[in-house]
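All of the numbers you see were taken from the coordinates with simple rules; none came from a lab. Values in this document were obtained by computation on a predicted structure and should not be read as measured data.
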Amino acid sequence: MRSASARKRRLASPTRGTNNAPWRLETIVINEILFHPISENTDDEYVELHNRSAAPVNLAGWEFVDGIDFRFPISTTIPAGGYLVVAKNASRLTNHYAQLSAANTLGNYQGTLSDVGERIALAMPDTIVETNEFGGVTTNLIHIVVAERSRSPGVWTTATAVSRLTG
Ligand SMILES: [Ca+2]
């Protein structure tokens, strides 16, 4: 699942032949990461996404390309202004938190969230259509990073990971 496309990212505007524009401001952001639960149980870990826009966003074919492994089912939609939790253990979280249900909690992702620093990246599918030297057209599916959070030891402290859910 780790591929070169894990580093592709959209810019705010096309900049062919000139300096790159800033990263495009995407509507889906990684809102919260609980990578080191107070319980010390990795089954309590999760990543929360937030849809900042005024329209629902369908996440069909989206996937995490760094940090954890998870591909969103085709039916996945985050409502306007809504949140979606991707859990290490979804049934465990929905049992623990009254505000979580199958409607806003998915899982289980593969892997665990590092306690000592890593990059977590969410990517959406896109296609690149190219012509080859023989005049043929090729279409390749790629994934473009739309949201990411990185941290390294001492830079992103555990205090920033205090959970909205655990208060
Ligand atoms: Ca962890």
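The value of relative contact order for region 28-158, using C-alpha pairs under 8 Å at least six residues apart, is 24 percent. Extension gain, S150 to A98: 0.36 nm times the residue separation minus the Cα-Cα distance gives 15.8 nm. Potential lengthening of the chain between T139 and T112 amounts to 6.4 nm, from the contour at 0.36 nm per residue minus the alpha-carbon distance. Straightening the chain between I74 and I128 buys 17.4 nm, computed as 0.36 nm per residue apart minus the Cα-Cα spacing.
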